[in-house]
1. Give just the number: which of (1) on the phi < 0 side of the Ramachandran plot; (2) loosely packed, with under 10 Cβ neighbours inside 10 Å; (3) of a type in the set (Gly, Ala, Ser) does residue 92 not satisfy?
2. Considering only segment 82-100, state which residues are in contact (Cβ under 8 Å) with a residue 12 or more places away in the chain and more than 21 Å from residue 45 (Cβ to Cβ).
3. Residues of segment 1-59 being part of a loop (DSSP other than H, G, I, E, B), surrounded by fewer than 10 Cβ atoms within 10 Å (Cβ to Cβ) and modelled with pLDDT of 75 or more, which ones?
Amino acid sequence: MVEDGKISNGELDKINQLKMNDHKSLQQALSDIYEASWEDQITLRSATTGIKKLDEVTGGFQDGEVTIFAARPTMGKTDVMLHFAKISGWAGFLPLVFSLEMPVKLITSRLMASTGGFNRAKMRGPKRMLN
């Protein structure tokens, strides 16, 4: 029982005694990988990145994978990530975009500018740029 944010010892014992049905020994996992190379491979549908060379190296975005895109500040991570999301969406996939740095409004305006081919500076101050 959980009381005041604490789990009783009996509950911890129950959790510790649970068995996982989806685990394999390392030996079995290695054996499965070795044997799979001799079997006919199922062609998986992958989402393209929109960058041909990158797709050749990675095979695109595969089902069940989590892709983390990291670089130093101001290197264009957000624009590249939005490009990947846009291309994947156009290919019929549902991209999910998470950002810990940018609010939704800014990400949406960047995506609109990228899709429409607009200058983001002009979108920030359209009245100033009209004359």
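The values are calculated or read from the model by the stated rules, or taken from the named source; none is laboratory data. All values reported here derive from a predicted model rather than from experimental measurement. For neighbour counting, all protein chains shown are included, and Cβ atoms are generated from backbone atoms with ideal geometry for every residue, glycine included.
1. (1)
2. Going through segment 82-100, the residues in contact (Cβ under 8 Å) with a residue 12 or more places away in the chain turn out to be 82-88, 91, 93, 95, 97, 99.
The answer is 82, 99.
3. In the first step, residues of segment 1-59 are kept if they are part of a loop (DSSP other than H, G, I, E, B); the result is 1, 4-5, 8, 18-25, 37-46, 48-51, 59.
Cutting the leftovers down to surrounded by fewer than 10 Cβ atoms within 10 Å (Cβ to Cβ) gives us 1, 4-5, 18-23, 25, 37-43.
Residues satisfying the conditions are 25, 37, 38, 39, 40.
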